[in-house]
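These notes concern the structure reproduced below.
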């Protein structure tokens with residue numbers, strides 16, 4: 001079994017599996033929507049992660065009628081949301097440590113119930 005992001009599929013295989021023309025995949029690459037890996041001989045290799053991204057692109061264009069410029073914006077926003085969700089998880093884990101009393105005496109923490117606001121400051125001597 002291959003890893004999710006391991007490039008193993010040739011363009012012809014991906015095109016056949018997704019029922020699209022290889023030129024469509026080349027266009028997506030030119031537009032910056034996908035970036036398959038390349039062998040030393042410049043052969044494109046796609047990972048399962050790439051294939052899932054292409055499926056998302058196809059869904060947006062075929063099912064929802066979004067043009068490629070709109071797809072680019074949507075994909076960029078999805079990536080930004082994923083980064084922000086990771087940051088929220090990190091901050092929640094940090095907050096949990098503070099709530100468990102793992103706060104050094106030289107620091108204070110203030111939280112609010114109506115949102116996630118964390119204020120951490122160190123005492124200066």
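Taken together, the values in this text are just the output of simple stated rules run on the coordinates, not laboratory data. None of these values were measured; they are calculated from a predicted model. Using ideal geometry, Cβ is built from the backbone for each residue, glycine included, and neighbour counts are taken over all protein chains shown.
The ranking of 50, 5 from fewest to most other beta carbons within 10 Å of each one's beta carbon is 5, 50. The calculated FRET efficiency for residue 52 paired with residue 93, based on their beta-carbon distance and R0 = 22 Å, is about 0.20.
Relative contact order for segment 3-93: 28 percent, from Cα pairs under 8 Å spaced at least 6 residues apart, divided by residue count. Legend: translational diffusion of segment 9-97 by Stokes-Einstein, Rh = Kirkwood radius over C-alpha pairs, 25 °C, 0.890 mPa s; D = 167 µm²/s.
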